[in-house]
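Asker: Got a structure for you, written out below as structure tokens; questions coming shortly.
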Number of protein chains: 2
Amino acid sequence: MLNTRARVSKATVRRIPLYYRAVQQLQQQGVKRIRSERLSEIIHIPSATIRRDFSSFGELGKSGYGYSVDTLVDEFGKLLEVQDAENILLVGCGGLGAALIENNFRRNPDLNITMAFDIDSAKIGTEIGGVPVYDFRELAMRVTPDIKTAIIAVPSSAQPQVIPALEGIGIDAILTFAPQPVVCLPTTTIRYIDLTSELQSLLFTAHHQQLAE
Amino acid sequence: MLNTRARVSKATVRRIPLYYRAVQQLQQQGVKRIRSERLSEIIHIPSATIRRDFSSFGELGKSGYGYSVDTLVDEFGKLLEVQDAENILLVGCGGLGAALIENNFRRNPDLNITMAFDIDSAKIGTEIGGVPVYDFRELAMRVTPDIKTAIIAVPSSAQPQVIPALEGIGIDAILTFAPQPVVCLPTTTIRYIDLTSELQSLLFTAHHQQLAE
DNA sequence: AAATGTTTGTTAATCCATTCACATAGTAGC
DNA sequence: GCTACTATGTGAATGGATTAACAAACATTT
């Protein structure tokens with residue numbers, strides 16, 4: 001069923017989670033079939049974009065019918081590998097880090113923060129939302145080999161020390177909230193979430209919108 | 001000095017905060033001039049992109065010299081309007097909301113969360129990091145007219161009630177952590193930060209990278 | 001002041017993504 | 001089974017952003 005390795009564009013990859021979430025909701029509502037036109041209304045992505053995205057994963061739909069919701073849930077689930085849980089470690093148990101642990105992607109049982117690290121001795125040895133907090137200097141000792149993914153919530157200044165340490169223990173996917181751009185191995189996939197930048201560029205757009213309107 | 005309203009692309013807008021942060025740091029280090037080539041090494045954006053972005057705000061540089069760091073700090077500061085403080089309200093004082101308030105964009109004195117709202121009576125009336133928490137049902141009563149910006153950190157299911165209420169009191173810029181897409185007024189600028197999607201698409205890329213490599 | 005070297009700003013080329021529009025293939029009704 | 005619909009998947013057109021490459025502008029040195 002999977003397409004002959006048609007290249008999946010980066011823009012499409014960023015939309016997979018949105019598709020997955022939407023079709024999951026439809027499935028829960030008992031909806032059995034969905035047209036691209038109708039899905040477009042729900043998630044606010046043009047129907048042509050939806051059809052092109054979907055077609056890059058194979059011929060998921062049927063002409064004159066639409067898509068089977070169950071099929072879509074299966075296919076996107078496979079793409080996102082939701083069947084086997086992804087264990088994740090988190091570095092930096094300040095306000096943001098602690099909030100992320102508490103939350104722990106509760107809606108997605110396949111995403112688990114299983115351990116956390118900090119250098120603050122007041123936090124080391126404690127638990128946050130059931131997740132143990134270890135000394136970051138014991139990283140290599142504490143980490144289990146199934147963990148390939150890390151979330152970084154440390155101050156920007158500390159990040160340059162954190163990344164190489166993570167790469168040293170086999171982490172190859174990093175989500176970081178420290179905006180400081182950083183050099184990492186070519187095998188490491190890194191993504192930045194920069195809250196200040198998001199807010200500033202949002203404000204820029206909002207304040208300059210009157211010109212466009 | 002400002003260019004004759006050359007259109008600023010969306011991609012450029014998203015980079016302004018990065019530029020601003022970088023040139024601020026250079027200024028603090030006492031650096032007086034910077035070439036696009038050198039700046040490129042620092043922020044990992046190609047020098048051609050930097051020059052094109054900068055030129056959309058006017059002729060900021062000088063051939064054979066580069067850019068004056070002070071000039072850049074001034075210009076980007078003006079673009080981001082950092083001189084007058086932006087007061088922000090936050091809705092939803094759960095783990096994430098509380099962490100955002102505690103943090104309160106401390107590095108950027110012009111960004112201030114000045115009040116917060118929740119519907120949990122245990123939180124109403126308290127303070128978080130010096131910011132008062134009010135009853136969301138008193139939104140119209142409590143909000144001051146200088147506030148045009150809101151951050152939403154409520155569960156997705158609650159968001160459809162929150163947005164119209166905010167628009168009703170004059171909010172026109174919204175940053176939300178609830179991924180549920182939502183209809184809002186054409187005058188409202190909204191931006192989503194979807195942590196689960198970011199993580200899922202990161203993992204997709206990381207897991208499928210071996211094919212590309 | 002002339003010559004040499006440097007770096008911008010921009011034109012042109014390229015790349016990537018979105019959108020249009022429709023032939024094709026399947027559905028639904030009779 | 002035949003006819004009338006319907007919605008996909010995709011070639012072609014468009015649009016937006018990035019990158020290459022270089023003429024023009026300025027700095028610096030002699």
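The values are calculated or read from the model by the stated rules, or taken from the named source; none is laboratory data. From a predicted model like this one, the values you see are computed outputs, not experimental measurements. Reconstructed Cβ throughout: ideal geometry from the backbone, glycine too, with neighbour counts over all protein chains shown. Ligands, DNA and RNA are excluded from the accessible area calculation, which covers all protein heavy atoms including side chains. Shrake-Rupley method; radii C 1.70, N 1.55, O 1.52, S 1.80 Å.
Asker: Can you list residues from other chains, or at least 5 along the same chain, whose modelled amide H is less than 5 Å from the amide H of B:Leu111?
Answerer: B:Glu86
Asker: Give a quick list of chymotrypsin sites (Phe, Trp or Tyr not before Pro) in the stretch A:47-140 that DSSP marks as loop, anything other than H, G, I, E or B, with at most 10 other Cβ atoms within 10 Å.
Answerer: A:Tyr65
Asker: Where does the charge balance sit around A:Phe105 when Lys and Arg score +1, Asp and Glu -1, over other residues with C-beta under 14 Å from its C-beta?
Answerer: For residues surrounding A:Phe105, the net value is -2.
Asker: Roughly how large is the B-A contact in terms of buried accessible area, totalled over both chains, probe 1.4 Å, nearest 100 Å²?
Answerer: 5000
Asker: For B:Arg33, list long-range residues whose amide hydrogen, built 1.01 Å from N in the peptide plane, is under 5 Å from its own amide hydrogen.
Answerer: So B:Arg33 has HN proximity to B:Val69.
Asker: Test of understanding: in a Gaussian network model of chain B with alpha carbons linked when under 10 Å, which of B:Ala173, B:Ala150, B:Ala22 would top the mean-square fluctuation ranking?
Answerer: In the Gaussian network model the winner is B:Ala22.
Asker: At a Cα cut-off below 19 Å, give the aspartates and glutamates reachable from B:Lys123, other chains included and same-chain residues fewer than 8 away excluded.
Answerer: A:Glu102, B:Glu102, B:Asp135, B:Glu138
Asker: Would you mind working out the accessible area per residue for the protein assembly as shown, using a 1.4 Å probe, and quoting it in Å²?
Answerer: For the protein assembly as shown, the per-residue accessible area is 50 Å².
Asker: Taking the label point as lying 7 angstrom from Cα along the Cα-to-Cβ axis, what are the distances from B:Ala11 to the corresponding position in the remaining copies, in ascending order and in nanometres?
Answerer: Listed shortest first, these distances are 1.1 nm.
Asker: Sticking with this one: I'd like the distance separating the alpha-carbon centroids of the stretch B:79-120 and the stretch B:164-209, in whole Å.
Answerer: 17
Asker: Ignoring any ligand, DNA or RNA, what whole percent of the accessible area of the protein assembly as shown comes from carbon and sulfur when the probe is 1.4 angstrom?
Answerer: 51
Asker: What order, most packed first, do the peptides B:46-52, A:162-168 have when packing is the mean number of other Cβ atoms within 10 Å of each residue?
Answerer: Answer by packing, highest mean first, reads A:162-168, B:46-52.
Asker: Determine how large the accessible area of A:Ser197 is when every protein chain is in place; take a 1.4 Å probe and give Å² rounded to the nearest 10.
Answerer: Counting only protein heavy atoms, A:Ser197 exposes about 10 Å² to solvent.
Asker: Over chain B, what relative contact order in percent results from Cα pairs under 8 Å that are six or more residues apart?
Answerer: Reported as a whole number, the value is 14 percent.
Asker: Of B:Phe136, B:Ser121, B:Ser47, which is farthest on the positive side of the dipole of the stretch B:1-153, counting Cα position, with +1 on Lys and Arg Cβ, -1 on Asp and Glu Cβ, and the Cα centre as origin?
Answerer: Sorting the options by dipole projection puts first B:Ser47.
Asker: Here's another thing I want to ask about it. Taking amide hydrogens as modeled 1.01 Å from N in the peptide plane, which residues meet the under 5 Å criterion relative to B:Lys148, leaving out close sequence neighbours?
Answerer: Placed amide hydrogens put B:Asn87 under 5 Å from B:Lys148.
Asker: Anyone know which of B:Leu100, B:Leu79, B:Leu139 comes out most mobile in the 10 Å Cα GNM of chain B?
Answerer: Between B:Leu100, B:Leu79, B:Leu139, it is B:Leu79 that shows the largest mean-square fluctuation.
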